[in-house]
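The block underneath contains the structure these notes are about, expressed in structure tokens.
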Amino acid sequence: MKSRYLIMSVVLILAGSSTQALAKADTAFLTEAIQINLAEISVGDLAQKNGGSDDVKSFGKMLVDDHTASNTKATSLAQANGVTPPTEAKAADKQKHDELAKLSGADFDREFAKAMVKGHEEAISKFEAASKGDDDIAKFAQETLPTLQKHLKTAQTLESSKRVQGEPPAASEATKPKSEMAPAGAAKTEAAPSAETKKEASETKNAEMAAVPSDAVGVNDYYKQNVYDTSNNTVGEVSDLLLDKSGRVKAVILSVGGFLGLGGKYVSVPFNALQVTEKNGKRYLLMDTTKEALKSAPGYKYDNTTGKWVPEKA
């Protein structure tokens with residue numbers, strides 16, 4: 001009889017220890033969930049201010065809206081379970097926010113997307129661990145997971161669209177060794193230039209290479225920049241610049257409509273259809289067209305196999 005009571009006592013003690021451990025885990029999760037929400041709300045606000053593209057700004061608003069709603073639920077759960085809700089994000093997240101705050105435009109977009117992929121992967125892992133069970137806290141984690149997974153997918157798409165992929169251009173005929181440019185043993189029809197002539201030619205060539213036209217415009221003034229119509233409405237975003245064999249930009253691929261490439265399309269327009277204008281010290285791309293006209297234009301898609309833009313099939 002005493003053995004039975006002893007066994008029951010041990011079982012109750014172990015059960016009590018298990019319950020306490022679960023309670024501590026729930027407390028830690030709720031605290032962390034609120035800190036995650038606070039961090040995402042803060043960086044979402046920042047994206048709307050410092051983002052360079054409409055996609056980044058829209059994603060920032062999504063983060064603010066979704067994590068504000070999530071934080072309301074998490075805070076209520078914390079209070080119901082005797083947990084004091086934190087009022088600040090984790091130190092590491094605050095530091096990342098401060099680093100992003102120093103960036104703007106395309107630089108911000110790139111680093112923001114990378115941070116959002118990493119942050120949401122970590123958050124999903126924590127929410128999945130907390131979703132095992134049928135209590136209120138587990139149900140909260142279960143209900144929040146689809147939103148976090150949606151954010152992760154959006155961040156991954158955004159990161160992919162902001163990553164500039166490419167390789168150095170192939171050497172031109174002018175830069176190839178002479179042995180590759182002319183057949184071996186070819187007859188010489190001209191005398192070899194003198195040392196002085198070589199020096200003058202070299203100086204002239206260096207001067208030509210260093211000269212930058214006064215009206216030159218950098219690629220960054222086009223790539224991933226919004227394009228506006230004459231009424232200052234956004235009609236698309238530059239996704240790629242297409243060069244001919246001589247290195248001249250001939251056409252531009254615009255991303256039109258949709259969100260982060262979802263539900264939208266890519267169209268090709270002549271490079272000279274874009275005009276660069278300045279307003280308040282900032283450059284803008286203008287095009288005399290409408291978003292509706294671009295949406296009705298033939299669509300293109302990028303073929304990863306050939307590395308070329310090809311017409312979409314009807």
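The values are calculated or read from the model by the stated rules, or taken from the named source; none is laboratory data. Quick caveat: nothing in here was measured; it's all calculated off a predicted structure. Note that each Cβ is placed from the backbone with ideal geometry, even for glycine, and that neighbours are counted across all protein chains shown.
If you scan the stretch 50-71, which residues turn out to be out of contact with any helix residue (DSSP H, G or I) (no Cβ under 8 Å at 6 or more places or on another chain) and under 29 Å from residue 283 (Cβ atoms)?
Passing the criteria: 54, 58.
Does the stretch 136-145 hold any residues that are in contact (Cβ under 8 Å) with a residue 12 or more places away in the chain and more than 27 Å from the chain's Cα centre (by Cα), and which are they?
Selection gives 136, 137, 140.
Among the candidates 44, 60, 105, which residue alone is more than 24 Å from residue 129 (Cβ to Cβ), at pLDDT below 95 and in the same structural domain as residue 143 (by TED's automatic domain parsing)?
Every option except 105 fails the conditions.
Select from the stretch 206-260 the residues that are at pLDDT below 70 and among the acidic types (Asp, Glu) and write down the one among them that is surrounded by the fewest Cβ atoms within 10 Å (Cβ to Cβ).
Within the stretch 206-260, the first condition is being at pLDDT below 70, and the residues that meet it are 206-224, 258-260.
If we keep only those that are among the acidic types (Asp, Glu) too, we end up with 208, 215, 221.
On the way: 208: 8, 215: 6, 221: 13.
It comes out as 215.
Taking the stretch 70-114, which residues are of a type in the set (A, V, I, L, M) and under 20 Å from residue 53 (Cβ atoms)?
Step one: filter the stretch 70-114 for residues of a type in the set (A, V, I, L, M), giving 74, 77-78, 80, 83, 89, 91-92, 100-101, 103, 106, 113.
Matches in the stretch 70-114: 100, 101, 103, 106, 113.
What are the residues in the stretch 42-91 that are part of a loop (DSSP other than H, G, I, E, B) and either surrounded by 15 or more Cβ atoms within 10 Å (Cβ to Cβ) or of a type in the set (Lys, Arg) (or both), if any?
To start, the set of residues in the stretch 42-91 that are part of a loop (DSSP other than H, G, I, E, B) comprises 52-53, 81-90.
Of everything in the stretch 42-91, those that are part of a loop (DSSP other than H, G, I, E, B) and either surrounded by 15 or more Cβ atoms within 10 Å (Cβ to Cβ) or of a type in the set (Lys, Arg) (or both) turn out to be 52, 53, 83, 85, 86, 89, 90.
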